[in-house]
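Here is the structure we will look at.
Rule-based calculations on the coordinates, nothing more; no lab input. Treat the numbers as computed from the prediction; the structure is a model and nothing was measured. Counting neighbours? That spans all protein chains shown, and the Cβs are built from the backbone with ideal geometry, glycine included.
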Amino acid sequence: DTHKETLEFKAEVSQVLDLVIRSLYSNKEIFLRELVSNASDASEKLRFEALTDDGLFEDDPNLRIRVTVDPEAGTLTVSDNGIGMARQEVVDTIGSIASSGTRRFLENLSGDRAKDSQLIGQFGVGFYSAFIVADKVTLITRRAGLGAEHGVRWESDGGGNFSVETLTKTGRGTDVILHLKEDEKEFLDGWRLRSIIGKFSDHIALPVEMRKEPLGDEDKEKADEAPEWEQVNRGTALWMRNKAEISAEEYADFYKHVSHDFDEPLAHVHNRVEGTNEYTTLLFIPKRAPWDLWDREQRHGVKLYVRRVFIMDEVDKLLPHYLRFVKGVVDADDLPLNVSRELLQHNRKIDTIRQANTKRILGLLETMAKDEPEKYAEFWREFGRVIKEGPAEDFANRERVAGLMRFSTTHGEGEEQTESLDAYIERMKEGQDKIYYITADTPAAARYSPHLEVFRKKGIEVLLLSDRVDEWLVSHLSEYKGKHLQSVAKGKLDLGELADKEEQEKTEQAAAEHGQLLERLKKALGDRVNEVRASTRLVDSPACLVVGDYDMSANLARVLKAVGQ
Ligand code: ADP
Ligand code: MG
């Protein structure tokens, strides 16, 4: 079917378009980043498919992106000779959003303009940013490997519909032509464009070319006859460059490119590993938790390259799940180019890379905690609850991960988690050999629990655990640096050396004196309790409930009930 048809955007698309235009306006030059980034993705896809079918290169093997302007027509064009699209692909990907991305984007909208505009990039609605500056967009494309007669022309004014028709296009790839709005003509200025492209696209491993700016009228005539192109970005993959020569700003721009984040990263690590398994990693820690940090379907933000060829996105084998907030690139020299997801599952080289990546991120966090405590506090606020999943998942590193944790404790006042286990150990009382903790639903329930009375009296610090993940954490972290982690709400309170003789005697005496009362209480409560006993653990409260050493804690029982177990 080659006729021209006019189709309606899916309802979601119109909604997204509207939002993109409104919320990104203050940042409008990002449209160029999005279009150049799509052109670069398309070229990487071609390079990848050509590994198994080099006919796809046709007679045009040099991949590049070109940005041109036509001042008379008022248009700006971004062209690539990448993979291109077939007619149905255009309708599916540009016209309606077949992927669930947009739908999920809409579900996640908060109504807060700033937050929502951050979301946009994460969901891949980048193409629509063209409508920030254009009142009409024409896309002309041809899929590599299809004949010239399979070209497609798509056009829309960003209203409710778009048209598609089939035409002839000799070169493969895609041209995106923006018909600039009346007051966006600044984007016809070659120097302005060069500066934007430099900022956003320097690190793209592909040349971005523009026509040489003619200097005089004579030049202009010559230029129109035989256009001369010049590369306006650096065109080398940033991660392959020497660390010493990369500025903080370049790292930040690259981070924004790989993560779609608008913010700068919090920190990065960049390493080249030589030897039997050679690879380069460039990993970033974001400042803010992404919207889908707790989404089960969340994929990981590390891209895999093999010898500069992009292989796949969001690989979840390059880092453990509890470090899923990390973004970046791994470029391996020794993997086969046709590596598949299945192959990654059981690949020894990947395992080595994953272990090394884990150590690097943990090392980065340790250094940050030591040298930049405020920055680390910011990190912990955003990602602490994810790090707490670590000991359960990563047995080998559990002590290092535990060392990174911060808790609210009875040593301090507020709810903020600021105390490390090492600091706790330093403050331990003479004769104390355990790390005590209490778990509860809320920070207040933990802090004001009657279980803490005796600890307060004796000045023994207790960790106050009220994050949902904390029960999970303590069930997998039974000790730290040789100190057992002990719940204060379990079993007979064994204060070991800390309990004084006098108190023990008092307890025995009380048990004897009130034996009858204890009996009667036990009888009255029947099956609901195992035992009723006298204790010195209470100071102000008359009674408290404890669970057996090997029973599920009361709080865990509540958590499981809440999730329907
Ligand atoms: P994303 O790049 O995150 O997927 P975009 O809105 O930027 O989201 O692009 C949507 C889709 O349109 C892309 O995934 C791709 O399939 C297609 N596309 C956009 N630009 C190009 C291009 N220059 N060449 C080939 N396909 C493209
Ligand atoms: Mg894109």
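I'd like the Karplus ³J(HN,Hα) series for segment 62-77: coefficients 6.51, -1.76, 1.60, θ = phi - 60°, whole numbers in Hz, and an x wherever there's a Gly or Pro.
Result, ordered by residue: 8, 6, 7, 10, 10, 10, 10, 10, 10, x, 5, 7, x, 10, 10, 10 Hz.
Need the full-extension length gain, residue 146 to residue 509, defined as separation in residues times 0.36 nm minus the C-alpha distance. One decimal, nm. Each step should come with its number before you reach the end.
Details: separation 363, 0.36 × 363 = 130.68 nm, distance 9.29 nm.
The residue 146-residue 509 span can extend by a further 121.4 nm.
Spelling out what I want: for every residue of segment 468-485, take phi, set θ = phi - 60°, compute 6.51 cos²θ - 1.76 cosθ + 1.60 (Karplus), and round to whole Hz; glycine and proline get x.
My calculation for segment 468-485 gives 4, 6, 4, 4, 4, 4, 6, 7, 10, 10, 8, 8, 9, 6, x, 9, 6, 8 Hz in order.
Too long at a 28 Å Cα-Cα cut-off: which of 181/303; 370/457; 256/317; 181/287; 10/181?
Pairs exceeding 28 Å: 181/303; 370/457; 181/287.
Whole Å is fine, so just give me how far the alpha carbon centre of segment 125-202 lies from that of segment 359-406.
Going from one Cα centre to the other spans 44 Å.
At q = 0.05, 0.06, 0.08 Å⁻¹, what is the log10 ratio I(q)/I(0) for the chain, with the Debye formula run over Cα points and no solvent?
-0.32, -0.43, -0.68
Which peptide among 247-253, 138-144, 279-285 comes first, and what is the full order, when sorted by highest mean count of other Cβ atoms within 10 Å? Show your work: numbers first, answer last.
On the way: 247-253: 14.3, 138-144: 22.3, 279-285: 24.4.
Ranked from most to least packed, the peptides come out as 279-285, 138-144, 247-253.
Under a 5 Å amide H to amide H cut-off, with H placed in plane at 1.01 Å, what residues pair with residue 151 once short-range neighbours are removed?
The list, which skips near neighbours in sequence, is 167, 169.
Mind putting a number on the dipole of the chain about its Cα centre? Charges go on the C-beta only, +1 for Lys and Arg and -1 for Asp and Glu, and I need it in Debye to the nearest 20. Intermediate results must be reported in sequence, preceding the final value.
Working: 80 positive and 104 negative charges, 386 e Å.
Taking the Cα centre of the chain as origin, the dipole is about 1860 debye.
Taking only C-alpha pairs under 8 Å that are 6+ residues apart, what is the relative contact order of the chain in percent?
Numbers: 932 pairs, mean separation 52.8, N = 565.
After rounding, I find 9 percent.
For segment 180-327, build the charge dipole from Cβ charges (+1 Lys, Arg; -1 Asp, Glu) around the Cα centre, then report which of 236, 188, 312 sits farthest towards its positive end.
Most positive-ward Cα: 312.
Using a simple spin-label model with points 7 Å from Cα along the Cα→Cβ vector, what separation in nm is obtained for residue 458 and residue 375?
It works out to 4.1 nm between the two label points.
With n ≥ 4 as the cut-off for DSSP H runs, can you work out [θ] at 222 nm for the chain, using -39500 (n - 2.57) per run divided by the number of residues, rounded to the nearest 500? Don't jump to the answer; show the numbers that get you there.
Values: 20 runs with 201 residues, N = 565.
It comes out at -10500 deg cm²/dmol, rounded to the nearest 500.
Against the longest alpha carbon principal axis of the chain, how many degrees, from 0 to 90 and to the nearest 10, is the axis of helix 30-50 turned?
Orientation of helix 30-50: about 90 degrees from the principal axis.
Within segment 265-335, which trypsin sites (Lys or Arg not before Pro) sit in a loop by DSSP and count at most 14 neighbouring Cβ atoms inside 10 Å? Mind showing how you got there, number by number?
On the way: sites: 272, 287, 288, 296, 299, 303, 307, 308, 317, 324, 327; in loops: 287, 288, 296, 299, 307, 308, 317, 324.
Those that pass, being in a loop and sparsely packed, are 296, 299, 307.
Give me the tail of P(r) for segment 4-85 as a percent: Cα-Cα pairs with distance above 18 Å.
Numbers: 2040 of 3321 pairs.
For segment 4-85, the fraction of Cα-Cα distances above 18 Å is 61 percent.
For segment 401-445, take the alpha-carbon Rg, divide it by the Kirkwood Rh, and send me Rg/Rh. All intermediate terms of the calculation are to be shown ahead of the outcome.
On the way: Rg = 11.1 Å, Rh = 11.6 Å.
In segment 401-445, Rg relative to Rh is 0.96.
Can you tell me the FRET efficiency between residue 307 and residue 448 if r is taken as the Cβ-Cβ distance and R0 is 60 Å, rounded to the nearest 0.05? Mind dumping the intermediate values first?
Values: r = 60 Å, r/R0 = 0.99.
For residue 307 and residue 448, the calculated efficiency is 0.50.
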